[in-house]
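Here's the structure we're looking at; comments come further down.
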Amino acid sequence: MNQFRPRRLAAASVLALSVALAACTPTQRAFSSGDVAEAGRIAAGADFAKAGDNDLAPMCKALQQTGRFTRFDACMTELRARISRNDGHMVVSDIPGGGDWRDGLSFTRAWSVASVEVLAAEAALARGRQDKAANHARIALKAADTGAFDLLDDGEPEDMDMEHGREINRIDALRVLGTVEARQGDMTAADARVARLEALQLGSGFDLNDLSGRRGSAVAQIHLAAGRPDAARAALDGAGSAADVTRLLAQLNPLVLAGTLVTGVGVGDVWFQQEQQERLTLALADLGAGNTDQAKAGFDAVLSDRRVEGDVGVLWRALHGRAQVALSRGDRAGAIPDLVRAAETVAAQRRSLAGEEARLTFGDATHDDLHADLIGALTDEGRGAEALAWAERAKARALVDLLANKRSFAAAGPEADAALRRYEREVEAARQSAAAAGTPMAEAVAPARAALEAGAPRLAPLVAAPALTGAELASLV
């Protein structure tokens, strides 16, 4: 058994060492280096029941960020089962199938609850299930406000300060709650979340979590949801200097430097995801304030690193944002490629959901705005057939979702079931290659759809949901 047990060290150094050593598994190494796409690929094919506890939570997070929601749900089911089995404790162990919280490192119950509920809240918000997101966030916030946040070793609290864990979960829970409340028009409640975030007394910067930057980004995202881009920009500007100091101090920590040498993960890589979210939020704030040059530069910066492909929520919003800049300048033709790619990314998220109810309830006003911009740009460019195809595609997908859950088609026979599984594997491979090459998803999955139509013609219309083209509709009329 290879469990790590740092004892009686400074709290920040323990955290840095723990994170560094935990990054030795392929999933952790990919996730910590910012390559969420690779972490998601590993998690998509994993047997969660056999994964170590130190791999399971990062797998769930990677699946959420890469938009594989059905696999995310399965991962969370296993994670919750293990926590329940361990009397409410999240364990840190590399034992296949999980370890016992009384043997090695684990989190206290409150810390475990907050961590899992924040993860569930993030996934619900990404799906457009705002009420569910708020419910999960409230549970997380209550745990962060009232429970003990200790790292346990063999069931006993370590003599160290773990308040950074409390503040991370508190910031994230307040961000989700404030965002939901702002979107629902409850500005009084949203402003109360902002006030509480701004009043937080954050601890030392000697760890791998930039709490000041995290808080600034949380405040900015609430302001954006409330339609206050100038306030959002000010929140991020205020976090800048403190964030830089925090990152510098962590780089000077010898245990952090040693950990990067052991794992091959650079110090800068650890902050990649947080920095990408900050850049995106700042670019969106600039866009809302009419600072299109700054916004364009921000979106370009986000999209310039291939690792952003793994965080589909950041990816499609950055693509949509850059397209909105082009639209504001009258460049509809230049906006369309980014709009199509963003819409394909959202469609891939939706396809990952199991069950008609989940797919029908996926999405929110931001998704609607994306599709409205795409259809409008295509129409204005005289590409009416393509605009109609996108509108029909949305209607066709909704109709299919009402007809059946494709996961229940085993009753159609073993040949149809085998064809379906082969189709899903090919679509997953096409999704990855399309993301790498920047090609439209519809074009990438066309061969897989054709093979399914040949192998299971009665099943294909219920799974692939091909929308009618403009020419086909005209011929029918």
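The values are calculated or read from the model by the stated rules, or taken from the named source; none is laboratory data. Just so it is clear, the model here is predicted, and its values are computed rather than measured. All Cβ positions, glycine included, derive from the backbone under ideal geometry; neighbour counts span all protein chains shown. With ligands, DNA and RNA removed, areas are computed over all heavy atoms of the protein, side chains included. Shrake-Rupley method; radii C 1.70, N 1.55, O 1.52, S 1.80 Å.
Could you check, for the stretch 106-116, whether at least one of its residues is of a type in the set (F, W, Y) and modelled with pLDDT of 85 or more? Scanning the stretch 106-116 turns up at least one residue that is of a type in the set (F, W, Y) and modelled with pLDDT of 85 or more. Contact map, the stretch 276-299: first residue in contact (Cβ under 8 Å) with a residue 12 or more places away in the chain and closer than 12 Å to A220 by Cα, second residue aromatic (F, W, Y) and buried (at least 20 other Cβ atoms within 10 Å of the Cβ), Cβ cut-off under 6 Å, separation 6 or more or different chains; pairs are A283/F299. Could you list, in sequence order, the residues of the stretch 60-73 that are in contact with a Ser or Thr (Cβ under 6 Å, 6 or more places away or on another chain) and either of a type in the set (A, V, I, L, M) or open to solvent by 10 Å² or more (accessible area, probe 1.4 Å) (or both)? Of everything in the stretch 60-73, those that are in contact with a Ser or Thr (Cβ under 6 Å, 6 or more places away or on another chain) and either of a type in the set (A, V, I, L, M) or open to solvent by 10 Å² or more (accessible area, probe 1.4 Å) (or both) turn out to be R68, T70. In the stretch 373-390, the residues that are under 16 Å from G334 (Cβ atoms) reach residues that are part of a helix (DSSP H, G or I) and of a type in the set (S, T, N, Q) with C-beta atoms within less than 8 angstrom, at least six apart or across chains, in these pairs: D373/Q324.
If the condition is being modelled with pLDDT of 85 or more, of a type in the set (D, E, K, R) and part of a loop (DSSP other than H, G, I, E, B), then the stretch 312-367 contributes R329, D331.
Yes/no per residue for (1) out of contact with any Phe, Trp or Tyr (no Cβ under 7 Å at 6 or more places or on another chain); (2) open to solvent by less than 10 Å² (accessible area, probe 1.4 Å); (3) within 17 Å of M90 (Cα to Cα):
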| residue | (1), (2), (3) |
| --- | --- |
| A121 | yes, yes, no |
| A126 | yes, no, no |
| R129 | yes, no, no |
| A134 | yes, yes, no |
| A137 | yes, yes, no |
| A144 | yes, yes, yes |
| A148 | yes, no, yes |
| D154 | yes, no, yes |
| P157 | yes, no, yes |
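Within the stretch 207-240, take every residue that is among the acidic types (D, E) and more than 16 Å from Q294 (Cβ to Cβ) and give me the one that is modelled with the highest pLDDT. Among them, the one singled out is D210. Of the residues that make up the stretch 371-383, is at least one modelled with pLDDT under 85, small (G, A, S) and open to solvent by 60 Å² or more (accessible area, probe 1.4 Å)? There is no residue in the stretch 371-383 that is modelled with pLDDT under 85, small (G, A, S) and open to solvent by 60 Å² or more (accessible area, probe 1.4 Å).
Residues are listed down the side, and each one gets a yes or a no for (1) touching an Asp or Glu at 6+ places or on another chain (Cβ under 8 Å); (2) over 27 Å from L141 (Cβ atoms); (3) touching a residue at least 40 places away in the same chain (Cβ under 8 Å):
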{"site": "D53", "(1), (2), (3)": "yes, no, yes"}
{"site": "M59", "(1), (2), (3)": "no, no, no"}
{"site": "C75", "(1), (2), (3)": "no, no, no"}
{"site": "I83", "(1), (2), (3)": "no, no, no"}
{"site": "L105", "(1), (2), (3)": "yes, no, yes"}
{"site": "A114", "(1), (2), (3)": "no, no, yes"}
{"site": "A123", "(1), (2), (3)": "no, no, yes"}
{"site": "A126", "(1), (2), (3)": "no, no, yes"}
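Does F31 satisfy being crowded, with 20+ Cβ neighbours inside 10 Å, at pLDDT 90 or above and of a type in the set (F, W, Y)? For F31, the condition - crowded, with 20+ Cβ neighbours inside 10 Å, at pLDDT 90 or above and of a type in the set (F, W, Y) - is not met. Examine the stretch 94-116 for a residue that is farther than 29 Å from A347 by Cβ, of a type in the set (A, V, I, L, M, F, W, C) and under 20 Å from the mean Cα position of the chain (by Cα), and state whether such a residue exists. Looking for residues that are farther than 29 Å from A347 by Cβ, of a type in the set (A, V, I, L, M, F, W, C) and under 20 Å from the mean Cα position of the chain (by Cα), one finds at least one in the stretch 94-116, hence yes. Is it the case that some residue within the stretch 75-90 is under 17 Å from the mean Cα position of the chain (by Cα), modelled with pLDDT under 90 and assigned to a helix (DSSP H, G or I)? For the stretch 75-90, residues under 17 Å from the mean Cα position of the chain (by Cα), modelled with pLDDT under 90 and assigned to a helix (DSSP H, G or I): absent.
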